[in-house]
Amino acid sequence: MSRPFFNFPSGKYSCPPLLIFLAVCILCSCTLLRPPSLLPPPVKPARIAVVLGGGGSKGFAHIGVLKVLEAQRIPIHMIVGTSAGSVVGSLYASGKSAFQLQDIALKMDEDNVIDYDWKIWSGGLIKGDRLEDFINANIRNTPIEKLKIPFYAVATNMATGEEIVFTKGNAGMAVHASCAVPAIFQPLKVGNNTYADGGVVSPVAVDVARRHGADIVIAVDISGGITKTVPDGMMESVKKSVDIMYARIAEYQIRNADVVIRPDMKNIGSTEMEKLNEAILEGEKAATLKIPELQRIVNKLRQEGRL
């Protein structure tokens, strides 16, 4: 008489090993085949943007801010720059350290970046070509899309009044366009378009960083320090008008930032390049005050596994 395949002991029910094995396989397959919606979503890496605002010679303060961010090991995944912020931002995005930027600033001669044109109907006193060449020389003619840190330069389309964001191409030209303050710089014509200073529409372009994927935005606003004196003469009136415009628009834009750093610029004018040391120091001081806030954000992101 042949022996049955399953041998149940008499007097009680028990489950043979083969059935146990099959049951375990079925349970495992059910777990592995759970619908994707029930699986935990992958952790999204955080992107931290530094937005450097416009303000002429006050922009040297950006170097001081970057020195502190470097010292505190705050990661930077994106840089957005307007006007003076685009100058510092492009150089930093090329891979230079903040101390290298300071060295460049200390050695910089005004004649290397300013090319005056005294023609009355030229649209501005400064051509801007030397500034463009200065940037390209210092970043070895690297196009925007090839810079080590993603970089966006903000300008204004003078025909439409639209905010223009340069994301690729000639970095020096983008900075030139971003810095072309009306009546001070000549507007930059590229093809059928004419560009002017990005500060006309977006002096601290926080929204640009958000649109390009920034999760955390550190905004550096150098538009403060408007004097209460009445300007004397045409050029002083133009500079004062630009300062007021920057400050009023910036006040609205920085509301969407996570951290706002505002160096004290009350003793530094937008054309006072000789005060670069003072501006850098004010940038360091303002950024240092924000270290606890910055560290809380970074530590939280690290705990979440996003940095």
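The values are calculated or read from the model by the stated rules, or taken from the named source; none is laboratory data. All values derive from a computational prediction rather than experimental measurement. Cβ sites come from the backbone with ideal geometry, for glycine too, and all protein chains shown count toward neighbours. All accessible areas refer to the heavy atoms of the entire protein, side chains included, with ligands and DNA or RNA removed. Shrake-Rupley method; radii C 1.70, N 1.55, O 1.52, S 1.80 Å.
Descriptive notes on the structure:
- Å² per residue, accessible surface of the chain at 1.4 Å: 54
- Karplus-derived HN-Hα couplings along the range 43-55 (A = 6.51, B = -1.76, C = 1.60, θ = phi - 60°), whole Hz, x at Gly and Pro: 6, 8, x, 7, 10, 9, 10, 10, 10, 9, x, x, x
- The 3J(HN,Hα) values that the Karplus relation (6.51, -1.76, 1.60; θ = phi - 60°) gives for the range 298-304 are, in residue order, 5, 5, 5, 5, 5, 5, 7 Hz. Gly and Pro appear as x.
- Candidates PRO263, PRO41, PRO187: whichever shows maximal mean-square fluctuation once the chain is modelled as a Gaussian network with Cα springs under 10 Å: PRO41
- What the Cβ-Cβ distance of ASP117 and LYS266 gives, at R0 = 30 Å and to the nearest 0.05, is a FRET efficiency of 0.40.
- Estimated FRET transfer efficiency when R0 is 35 angstrom, pair ASN277-ARG211 (beta carbons, to 0.05): 0.50
- Among 126-136, 141-151, 166-176, the order from most to least packed when residues are scored by Cβ within 10 Å on average: 166-176, 126-136, 141-151
- Positive-end ranking of ASN299, SER83, PRO42 along the dipole of the chain, with charges on Cβ about the Cα centre, is headed by PRO42.
- Zone residues, the range 97-113, relative to LYS148, backbone N less than 13 Å from point 7 Å out along Cα-to-Cβ: 97-101
- Lysine pairs in the range 103-231 whose alpha-carbon atoms fall under 14 angstrom of each other, counting only those eight or more residues apart or on distinct chains, come to 4.
- Cα-based shape type of the range 108-241, given that a ≥ b ≥ c are square roots of the gyration tensor eigenvalues and the cut on a/c is 1.5: oblate
- Helix 234-253 and the long axis of the chain differ in direction by around 20°, with both axes built from C-alpha atoms.
- Difference of contour (0.36 nm per residue) and Cα-Cα distance, THR160 to GLN72: 27.5 nm
- Each peptide in 194-202, 264-272 was scored by the mean count of other Cβ atoms within 10 Å over its residues; highest first, the order is 194-202, 264-272.
- Note, ³J(HN,Hα) from phi for the range 89-105, Karplus 6.51, -1.76, 1.60, rounded to Hz, x at Gly and Pro: x, 5, 5, 5, 5, 6, x, 6, 7, 5, 5, 5, 5, 4, 5, 4, 5
- Two-site FRET efficiency, ARG140 against ASN299, from Cβ-Cβ distance with R₀ of 30 Å, rounded to 0.05: 0.25
- The shape of the chain comes out prolate: with a ≥ b ≥ c from the C-alpha gyration tensor, a/c is at least 1.5 and a/b beats b/c.
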